[in-house]
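Asks: Before I ask anything, let me first share the structure, which is written out below as structure tokens.
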Amino acid sequence: MHFFIPFQVFVWLIACIFVSRELDMGRMMEARTIVQGGLDAAVLAGAHMQEKVPTAYDSFGYPKDWKMVIDPDVARAKALEVWMDNVEHYYSTPLYDIASVTDVTFTVSPDQTEITGNMVLKMKQTASAHFIKSAFGETIDFGEVEIPVKAVAVIKPEDGNIITP
């Protein structure tokens with residue numbers, strides 16, 4: 001006795017797999033949007049950690065011209081603090097079960113006018129819709145996708161105003 005799957009059932013099962021993948025793509029975009037907002041906030045907070053440094057001196061050795069620069073150590077610490085507050089919000093959403101955040105770094109440019117935040121969002125690609133689970137008895141794993149996320153904030157040295165590129 002042969003087990004025969006009618007063509008319509010086969011097409012329906014394949015369609016369900018693609019629909020469930022599309023649902024995961026929506027969740028992936030939602031997760032990326034949430035962590036991008038957190039990273040943007042962290043970088044902007046870091047850009048606000050500025051100090052005034054002299055650029056020219058008068059004949060007596062006193063500073064006469066100044067410029068604003070980002071204080072690298074304070075900026076990285078503040079960015080990390082704000083990031084940790086924001087990542088707590090992310091982990092309170094239902095997306096944390098399919099995604100993880102890794103490799104979070106904050107760097108300040110050598111001229112101290114730019115702070116950059118980088119991270120990787122790792123998402124599990126699964127067929128997770130309820131009808132797929134009930135049809136096959138378990139979640140189908142399609143592997144993992146890594147999504148790089150980047151945020152940059154630049155200051156104007158003349159006045160310290162933040163420029164968002």
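Just so it is clear, none of the values below were taken in a lab; they were calculated from the coordinates. What you are looking at is a predicted structure, and each value in this text was computed from that prediction instead of being measured. Cβ placement follows ideal geometry from the backbone for every residue including glycine, while neighbour counts extend to all protein chains displayed.
Asks: Going down the list Lys64/Lys156; Lys78/Lys150; Lys78/Lys122; Lys78/Lys156, which pairs span over 28 Å between their C-alpha atoms?
Replies: Beyond 28 Å between Cα atoms: no listed pair.
Asks: Out of residues 5 or more away from Trp66 or on other chains, whose amide H comes under 5 Å of its own, with H placed 1.01 Å from N in the peptide plane?
Replies: Counting only residues 5 or more places away or on other chains, the set is Thr55.
Asks: When we measure straight from the Cα of Lys124, which lysines land under 16 angstrom away, once same-chain ones fewer than 8 places off are left out?
Replies: Partners within reach: Lys133.
Asks: Sorted from fewest to most neighbouring beta carbons within 10 Å, what does the list Phe60, Phe106 look like?
Replies: Arranged by neighbour count, lowest to highest, Phe60, Phe106 become Phe60, Phe106.
Asks: With a 10 Å Cβ neighbour count serving as the proxy for reagent exposure, in which order, fewest first, do Met119, Met28 appear?
Replies: Values: Met119 22, Met28 19.
Listing Met119, Met28 from fewest to most nearby Cβ atoms yields Met28, Met119.
Asks: By how many nm would the segment from Glu88 to Glu30 grow when fully extended, if each residue of separation counts as 0.36 nm and the alpha-carbon distance is taken off?
Replies: Contour length minus the Cα-Cα distance gives 19.3 nm.
Asks: Here is a further query. If you take every residue apart from Ile70 with its C-beta less than 9 Å away from the C-beta of Ile70, what net charge results, scoring Lys and Arg +1 and Asp and Glu -1?
Replies: Taking every Cβ under 9 Å from that of Ile70, the sum is -3.
Asks: As an exercise, take the mean of 1/r over every pair of distinct alpha carbons in region 32-124, invert it, and state the Kirkwood radius in angstroms.
Replies: 14.8
Asks: By the scheme Lys and Arg +1, Asp and Glu -1, what is the net charge of all other residues having a beta-carbon under 12 Å from that of Lys52?
Replies: Its environment carries a net charge of -4.
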